[in-house]
Amino acid sequence: CVTLAVLSSMGLGVALTMQPLASIFVQTWGAQPGLRLHSSPAIPPKRREAPARATCNPEAAGEAAKKWCPNNASCLTKFEKKYMEKYSSVLRPSLEKLRSPGCYPRGSYIATMGNYRTGSTLLYNIARLWGALGAGDSLISGFGCRKLPNEVIGACSVVCKGHQYDHDTARQADVVLMSRRDPWESVCSLKMHEGGKLWCKWRREFVSSKRGEELEAEKNDYRKRCWDSMEEEEAQYQCRQLMMTQANVYIKRREVGGIVNFDAWMPDHKSAPDLQVREIAKAMGVCNEAAEDPELIKFIVSMENDLHDNPDAERPTTRMHDVFTDEQRKAHCDRLRPFLLHDLDCKMWMEHNG
């Protein structure tokens, strides 16, 4: 049913339901230049400047933003504040460019909707720091992209992080940024996250007549059996879930006539971090003079490195989580790659770099 609903919303017709899911996704999105092998070209948004006298009131965002900065934490980390203080004279002309009229798109709603375990938190923090530097006190930022009150849109500059996408967010967002990586790495990361908390979970589609303690015992029994002998089935299930979550963002965005402004391929953060930071800024609508400024780019790349080295610091602001090494992935997930390749959809998705 999910497959049919997805295909219907894509306007591809029931005749295509016999094709593998990944084949349909590649046909639909693979034609976008650069999307399949590297980060996509940045597509700047249409500008929506805040009204001349609009004042951002973070509390007006209501329940949606109670845990967002600046309501629950600063929109800048201690590392970022110290960096700005240490290099204040060097950064001054760069920040003047970014804060000049028309450079940073004040009043814009920027949704970072990268899939689970694809570098989405890194993407969010790059966008958050561009926003904090450019929008200043008008920035509200945090986890959980959702519909915001009309008095917030246009007055506040929004940068949010999310994975689940609804039509209201799709309509309100001026910019949508995505992230992706080798699907094997994403599935592996899900397996290791918080000691396997997300692995072998009781699925919503499971039906049981048991209740209370008996149901909990059944869930625990399933989890144990899954960890002991169902690794291939679980890996393929997680792969398909990730695929559908990613597709959902593109589908809903297109249904409202929007686009994905940038799709960040995670290895590009390592091979060309300066370029990645620049292109994210351009996709957000930052003017070229500031997006290409070497001192601003250097600052944001420094933040990336600090985030990687100190993932536990200031999580209310960064939303950062555990970081895994290649050695850990090899030790815990070597068997997953062949398991994923046994599934036709996952195999095709992997061959096209997610």
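The values are calculated or read from the model by the stated rules, or taken from the named source; none is laboratory data. If you're wondering where the values come from, they're calculated on a predicted model, not measured in any experiment. Cβ sites come from the backbone with ideal geometry, for glycine too, and all protein chains shown count toward neighbours. Areas reflect the complete protein model, heavy atoms only, side chains present, ligands, DNA and RNA absent. Shrake-Rupley method; radii C 1.70, N 1.55, O 1.52, S 1.80 Å.
Observations
- Any hit, the stretch 208-231, residues being within 19 Å of Q164 (Cα to Cα) and either open to solvent by less than 70 Å² (accessible area, probe 1.4 Å) or of a type in the set (S, T, N, Q) (or both): no
- When L122 is tested against (1) open to solvent by 10 Å² or more (accessible area, probe 1.4 Å); (2) touching a residue at least 40 places away in the same chain (Cβ under 8 Å); (3) more than 10 Å from the chain's Cα centre (by Cα), just one condition goes unmet, and that condition is (3).
- Filtering the stretch 276-295 to residues that are within 16 Å of M178 (Cα to Cα) and open to solvent by 20 Å² or more (accessible area, probe 1.4 Å) leaves R278, E279, K282.
- Cβ separations smaller than 7 Å between residues 6+ apart or across chains give the following pairs from the stretch 76-101 residues that are within 19 Å of R278 (Cα to Cα) to residues that are open to solvent by 100 Å² or more (accessible area, probe 1.4 Å): K97/E289.
- Pairs with Cβ under 8 Å, 6+ apart, first in the stretch 256-268 and acidic (D, E), second in a helix (DSSP H, G or I) and open to solvent by 10 Å² or more (accessible area, probe 1.4 Å): D268/L275
- Single residue of the stretch 169-221 satisfying the filter (under 22 Å from D322 (Cβ atoms) and of a type in the set (D, E)) that is modelled with the lowest pLDDT: E194
- Lone unmet requirement of (1) within 26 Å of N310 (Cβ to Cβ); (2) modelled with pLDDT of 85 or more for A65: (2)
- The stretch 77-114: number of residues that are under 23 Å from N305 (Cβ atoms) and among the small types (G, A, S): 4
- Hits in the stretch 98-119 - residues which are open to solvent by less than 20 Å² (accessible area, probe 1.4 Å) and farther than 23 Å from E63 by Cβ: L98, C103, Y104, P105, G114, N115, T118, G119
- Any hit, the stretch 71-92, residues being buried (at least 18 other Cβ atoms within 10 Å of the Cβ), in a loop (DSSP other than H, G, I, E, B), among the polar types (S, T, N, Q) and modelled with pLDDT of 85 or more: yes
- Among residues of the stretch 189-215 that are free of Cβ contacts under 8 Å to residues at least 12 places away in the same chain, none has a beta-carbon under 7 Å from a residue that is open to solvent by 100 Å² or more (accessible area, probe 1.4 Å) at least six positions away or on a different chain.
- Test result for V286, closer than 25 Å to K97 by Cα, in contact (Cβ under 8 Å) with a residue 60 or more places away in the chain and not in a helix (DSSP H, G or I): yes
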